[in-house]
């Protein structure tokens, strides 16, 4: 094997692997806290990438409208829940979270979009638009189903994926979009050119991993999330509001999804349905980590990225087949090493 | 007022309509839609078995459909096979592909199978598009139509009859399977694996069976699809179709075979309507129906988790209450053990969890014809001892003998086969199944019919004997009037009695009861005591774990008292009651 090619492919694999790592971590996070296997994670990636590319050309991102739609749906569900029990404080709070917040973000997007601000401003605006969607998605789809089997949550998750992918098609159309990199430029590492975008990817991935670590180890909310993950009932008994930890997990997941979209959008053309496939690669990593281990997931994601890079060079037609078939040996390995599960 | 026969008339009418429809002047478009519904129904029937009944699921059924379709397409076009010859080959292909995937996931917890099928479904879809033999993305065309003699099923209205014959036969086969010994085992999977294992059901095998069957029906659908379209490409076998099939199963109500056909019809009609309506509303013609489908899936699982078929059933006239077929022969019974023979011998049994000694060298014996009570305060190690005997947990040291043979290393299933039947402290019944069916599950090991016999209804004599035995045990414990009621309707006391009837259906040598009186009212406890005495008179041996002293005192022949994992006393109830160590354990130590 040519060393130069190998080095290029390694770099390529590391770059996409870093993004898969972020997605895999988000999936493990959501699953451990809420037991939801969050298939629509990839949709946040697509939303993020496409929002950024529209902002790049000074167009208004329709995701801001989508955010208002989600917020309104959440508000209506709250109204229905409060029916018959008039509670002004709760109603106001719901209106603030579900109507005022998306309204404000919409207004901000309306102002900022035509200004063609710098790439960082656009990236931040993108995250601002996508992140609250996690909260609404949780409210609409999952909160009413707190104590159902994992399997039902999984099917709901797939339904949500279908709906969100369809909405992506409505709002973005069937054409692919490609975003501008956060900064242009290429640095030479010996003979190997390294783009500024890949440096951004490495940097932000590491920053998010460190950020998650600090959050889980050193904040009360982070500890509450960990407690929920270890024992839901126990956490509830000692006063952890599992709804709050659920919301937090989903907002974190949406944020990570949006950031992943911002990172990967400039490297590859994103269509309304690309997110699903990208998200599933994070999944392959998360399953290797048994849907439980953050470090194993991160390392596995890098592995998935590298395998993908090499197969796309040597057997490009079989790229997806090989990447998704990786799950088979993993399941065999899990099946041999795991004790028999009695109940979910 | 509806009579039992009105339901029969309704079914007969529906069948007539189905048979006559192509002869009526309906637009060909309808026939095409009905053909598609038929094919989707086949896949969905399999998924209903898997998801609703077995508590598993798969997103990859479309891929299995593809295996069936491509198998026949290649064999008929490239090798000149007759389509009828490829039918068994296509279906077998579904099984061959499902078996290894099932084998590696059945031991994992429930969500790994769907995740596996998701990834696998995508991989297979891309694979279909890459293989030269399968025509890559263009697929295979020129597939011969089905034919009988000179008649070729070319038109939509002719293949209509082939498709719907298969649908009805498959639905009947699935229905037969559910109402059989194997079917009960599969239905029991939903309540967790513990109870079925304790009655000898091989849970992993039952899961595998249902997964393979579901894949076979999907492959059958694929075979039909190939000969209906006479050209195939990878598109209809993609993961999004796999998700659509799951939607059909969920809409129909994942637990009802006929609901599968209902779900498939509803989803496909809706899809047709949306594809006409939405472009007019929104202005472009893309696959917007996925938004509606996605939202529908979420809404149904939130609002009507059992799907819509139960709602339809409520509108239909009620069916007649099931009548038990006369049984020609009784089930085989074990030879009774002479009273006084030692049955269970626990010899210095020891169980440690890390540094904690839960059971500390405990020894005692259960003799035939005796009721032995194992009592002690909370945390005394009673339940752990119980788990050691039933194979739910394994000994650290010492041994447990049953009829002189060591039980260590045996699974709950093998221990059940030896004639040790148990109840659970937290009853594990299947609330949706009738009392009769719950008890018949207990007799699982006394029947031998497998899947093929069940599907073809060749298991009827044995099934009649199994049900007759279940009925006998229900009457023996006094639950006769509730026989056909869903077990979920019973009060806790009755549920505990139901568990005893289920255990008796195993024809056990010894009955192990885990806190049978817990949570019962005073009157219920007395009834339970009367029942247990009656069983003893009939020669049954019983070991019961309790912490209610007053319940066991007047009942048992022999008492074993545990405290902190150690046996502190043993003997007749009267002697034990006066033992200072026991008094100290129960009332607190004397300072």
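Assorted remarks:
- Looking across the stretch B:405-418, the residues that are assigned to a loop (DSSP other than H, G, I, E, B), surrounded by fewer than 18 Cβ atoms within 10 Å (Cβ to Cβ) and modelled with pLDDT of 85 or more come down to B:411, B:418.
- The listed residue being within 14 Å of chain A (Cβ to nearest Cβ), modelled with pLDDT under 80 and more than 24 Å from residue B:166 (Cα to Cα), out of B:300, B:282: B:282
- Qualifying residue in the stretch B:46-54 (condition: within 24 Å of residue B:144 (Cβ to Cβ), in contact with a helix residue (DSSP H, G or I) (Cβ under 7 Å, 6 or more places away or on another chain) and modelled with pLDDT under 95): no
- One residue stands out in the stretch A:35-61 among those that are in a loop (DSSP other than H, G, I, E, B) and within 14 Å of chain B (Cβ to nearest Cβ): the one that is surrounded by the fewest Cβ atoms within 10 Å (Cβ to Cβ), namely A:35.
- Being surrounded by 16 or more Cβ atoms within 10 Å (Cβ to Cβ) and under 24 Å from residue B:498 (Cβ atoms) is a property that residue B:369 lacks.
- Scoring residue A:179 on the criteria (1) more than 7 Å from chain B (Cβ to nearest Cβ); (2) assigned to a helix (DSSP H, G or I); (3) in contact with a helix residue (DSSP H, G or I) (Cβ under 7 Å, 6 or more places away or on another chain) leaves a single failure, condition (2).
- Among helices (runs of 4 or more DSSP H) entirely within the stretch B:192-269, having at least 2 residues that are surrounded by fewer than 24 Cβ atoms within 10 Å (Cβ to Cβ), more than 14 Å from chain A (Cβ to nearest Cβ) and in contact (Cβ under 8 Å) with a residue 40 or more places away in the chain singles out B:203-229.
- Subset of the stretch B:90-106 (residues that are crowded, with 19+ Cβ neighbours inside 10 Å and either touching a strand residue (DSSP E or B) at 6+ places or on another chain (Cβ under 9 Å) or within 9 Å of chain A (Cβ to nearest Cβ) (or both)): B:101, B:104, B:105, B:106
- Test: residue in the stretch B:162-174 that is more than 10 Å from chain A (Cβ to nearest Cβ), more than 26 Å from residue B:22 (Cα to Cα) and surrounded by fewer than 17 Cβ atoms within 10 Å (Cβ to Cβ): no
- Qualifying residue in the stretch B:111-127 (condition: touching a helix residue (DSSP H, G or I) at 6+ places or on another chain (Cβ under 8 Å), more than 12 Å from chain A (Cβ to nearest Cβ) and in contact (Cβ under 8 Å) with a residue 40 or more places away in the chain): no
- Any chance residue A:287 is assigned to a helix (DSSP H, G or I), at the interface with chain B (Cβ under 8 Å from one of its Cβ atoms), crowded, with 19+ Cβ neighbours inside 10 Å and modelled with pLDDT of 85 or more: yes
- Residue in the stretch A:310-322 that is within 14 Å of chain B (Cβ to nearest Cβ) and closer than 30 Å to residue B:197 by Cα present: no
- Of the residues making up the stretch B:335-349, those that are at pLDDT 85 or above and within 35 Å of the chain's Cα centre (by Cα) number 5.
- Lone unmet requirement of (1) at pLDDT 90 or above; (2) more than 28 Å from residue A:274 (Cβ to Cβ) for residue A:83: (1)
- Considering the stretch B:128-155, and only residues there that are in a helix (DSSP H, G or I) and within 14 Å of another protein chain (Cβ to nearest Cβ), the residue that is surrounded by the most Cβ atoms within 10 Å (Cβ to Cβ) turns out to be B:128.
- Test: residue in the stretch A:3-20 that is more than 19 Å from residue A:199 (Cβ to Cβ), outside any loop (DSSP other than H, G, I, E, B) and in contact with a helix residue (DSSP H, G or I) (Cβ under 6 Å, 6 or more places away or on another chain): no
- Whichever residue in the stretch B:348-366 is surrounded by fewer than 16 Cβ atoms within 10 Å (Cβ to Cβ) and in contact (Cβ under 8 Å) with a residue 24 or more places away in the chain and, among such residues, is nearest to residue B:570 (Cα to Cα): B:363
The values are calculated or read from the model by the stated rules, or taken from the named source; none is laboratory data. The shown structure was predicted, so the numbers you read here are calculated from the model rather than taken from an experiment. Note that we place each Cβ from the backbone using ideal geometry, even for glycine, and neighbour counts take in every protein chain shown.
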